[in-house]
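Step one of this worksheet: look at the structure below.
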Amino acid sequence: PSLALLPDLRADFPFFQVHPDLTFLDSAASTQKPQAVIDALTDFYTGEYANIHRGAYRLSALATDRFERVREQSARFFGAPAAEGVIFTRNATESINLVAQTWGRAHLGAGDVILVTELEHHANLVPWQLLAHSCGARVVAARLGEGGTVDLEDYAAKLRSLPVRLVAAGHVSNVLGTVNPVRHMTELAHEHGAAVLLDGAQAAPHLQVNVQELGADFYVLSSHKMLGPGGVGLLIARPERLRGLPPYQGGGGMIDEVTVDGSTYAPLPGRYEAGTPAIAEVIGFGAALDYLGGVGPERVAEHEQALLRLALSELEGMPGLTLYGAGLATLERGETERCGVLPFNVRGAHPHDVAGFLDEEGVCVRAGHHCAQPLMRALGAPGAGGLAGTVRASFYLYNTPDDVHTLVRALRGVSEFFGEEADT
Ligand code: PMP
């Protein structure tokens, strides 16, 4: 069945009016913002701004109410087990560090294993290494299979044979776009008594996510990758996993009673939200969720699928081009799922040179190891020792088939140029 494209949404995004000449294909790094989000920030800063939670005046109560409503909205949007388990952080990275330094410190000890996969972003690897080094635990990675998702046999074997206390897995790879079979992974982990954290930084913007259906104990994401402002992340936790644990950071807002000698701490979620949060940005995130909800996460996913398949059909077989990740035939057979992330290399060219060349044509893409050096090694990308990495184009709801055609045209130019260079 053919996949439906969304209508052109660029009129909702002022960025595209300011830069009509740009083809923005770097949404996996961070997305552009719709006018509705910019308005929410401007309106709040213009006439509604006040600190929250502590004010006795009406404006502060109103700001508190709007902030807390975004917590409830987020809980509904992502199918959180409970709103009190929705913690506002700075980003997905901080959410993972929070779990590592609270739940992790309380539950992991010498010899225990934290099971990750080979496709993890460094944000879902380094915090576990820090924890492991401090408590004598080990980080072990499940291998990737052919389609660029976790090899379930290897994953299950490691769960059986190792003392795994926590699985920390990427829901969607920021390099390959591949969607890990996370529901199945979660079930297996729970059968072996391990808790599960899913890194949804690349999944939440592109798929309909229901944390309860996935069965995750912890789910993390970043606002800036899903049309919202920067400086806001979510940790969605089963409240019982965090209740009674020591705090992560100390300060205002997270306490119950304080004396010079000691303190008692607030219940969830306040216990994990020390200090003044990014109030306007959280309210802006609420506007982003409204916008995404209005378009419909399923339609967003279908749109990106159509763009990805169009790009693959144009680029597979292009001379001098190496594509990574599941190909069109694999996707058509339904063997694996993949979001709209397209990593590639041009033979004979450094990824940064290719990205620079594309930039000359107004095409914005990313190049490098994409904060996933172990995956780069597993892919054997050129210079894996030196980690030259890949070029990466990524699609979102505001991209159009014309953007794909512009990329394809520009890439033809690049591979011809570097092909000739290689020939001379
Ligand atoms: N995980 C994945 C899969 C990501 O792609 C990213 C962002 N590149 C992160 C985690 C970290 O997100 P942030 O930098 O917003 O904390």
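Quick look at the values:
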| quantity | calculated |
| --- | --- |
| Those residues of the stretch 46-98 which are surrounded by 17 or more Cβ atoms within 10 Å (Cβ to Cβ), in a helix (DSSP H, G or I), in contact with a Phe, Trp or Tyr (Cβ under 9 Å, 6 or more places away or on another chain) and hydrophobic (A, V, I, L, M, F, W, C), in sequence order | Ala63, Phe67, Val70, Ile96, Leu98 |
| Answer residue from the stretch 114-126, given it is among the aliphatic types (A, V, I, L, M) and either assigned to a helix (DSSP H, G or I) or within 10 Å of the ligand (Cβ to nearest atom) (or both) and is nearest to Leu235 (Cα to Cα) among those | Ala123 |
| Residue check for Val258: more than 22 Å from Trp128 (Cα to Cα), buried (at least 23 other Cβ atoms within 10 Å of the Cβ) and over 16 Å from the mean Cα position of the chain (by Cα) | no |
| Unmet criterion (only one of (1) under 23 Å from Thr336 (Cβ atoms); (2) part of a strand (DSSP E or B)) for Gly147 | (2) |
| Qualifying residue in the stretch 213-225 (condition: in contact with a Phe, Trp or Tyr (Cβ under 8 Å, 6 or more places away or on another chain), farther than 22 Å from Leu119 by Cβ and touching a residue at least 12 places away in the same chain (Cβ under 8 Å)) | yes |
| The stretch 159-171, subset outside any loop (DSSP other than H, G, I, E, B) and in contact (Cβ under 8 Å) with a residue 40 or more places away in the chain, residue surrounded by the most Cβ atoms within 10 Å (Cβ to Cβ) | Gly170 |
| Condition broken by Ala156, with the remaining ones in (1) farther than 17 Å from Glu120 by Cα; (2) of a type in the set (A, V, I, L, M); (3) not in a helix (DSSP H, G or I) satisfied | (3) |
| Whichever residue in the stretch 172-215 is among the small types (Gly, Ala, Ser) and under 18 Å from Leu235 (Cβ atoms) and, among such residues, is surrounded by the fewest Cβ atoms within 10 Å (Cβ to Cβ) | Gly215 |
| Pick from the stretch 227-237, criterion under 18 Å from Ile96 (Cα atoms) and buried (at least 24 other Cβ atoms within 10 Å of the Cβ), ranking: nearest to the ligand (Cβ to nearest atom) | Gly233 |
| Qualifying position, being assigned to a helix (DSSP H, G or I), farther than 23 Å from Ile236 by Cβ and within 16 Å of the ligand (Cβ to nearest atom), among Gln101, Gln129 | Gln129 |
| Thr259 vs. criteria in contact (Cβ under 8 Å) with a residue 60 or more places away in the chain and polar (S, T, N, Q) | no |
| From Ala40, Ala36, residue being over 21 Å from Thr400 (Cβ atoms) and part of a helix (DSSP H, G or I) | Ala40 |
| Test for Ser74: is it among the polar types (S, T, N, Q), within 16 Å of the ligand (Cβ to nearest atom) and under 24 Å from Gly233 (Cα atoms) | yes |
| Check on Thr186, out of contact with any Leu (no Cβ under 7 Å at 6 or more places or on another chain), of a type in the set (Val, Ile, Thr) and either touching a residue at least 12 places away in the same chain (Cβ under 8 Å) or away from the ligand (no atom under 16 Å from the Cβ) (or both) | no |
| Positions within the stretch 198-221 being in a strand (DSSP E or B) and away from the ligand (no atom under 11 Å from the Cβ), in sequence order | Phe218, Tyr219 |
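Here's the yes/no breakdown for (1) modelled with pLDDT of 95 or more; (2) more than 20 Å from the chain's Cα centre (by Cα):
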{"site": "Gly109", "(1), (2)": "yes, yes"}
{"site": "Glu120", "(1), (2)": "yes, no"}
{"site": "Leu130", "(1), (2)": "yes, yes"}
{"site": "Cys135", "(1), (2)": "yes, yes"}
{"site": "Val139", "(1), (2)": "yes, yes"}
{"site": "Gly145", "(1), (2)": "no, yes"}
{"site": "Leu152", "(1), (2)": "yes, yes"}
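The values are calculated or read from the model by the stated rules, or taken from the named source; none is laboratory data. This one's a predicted model, so the numbers in the text were calculated from it and none came from an experiment. For neighbour counting, all protein chains shown are included, and Cβ atoms are generated from backbone atoms with ideal geometry for every residue, glycine included.
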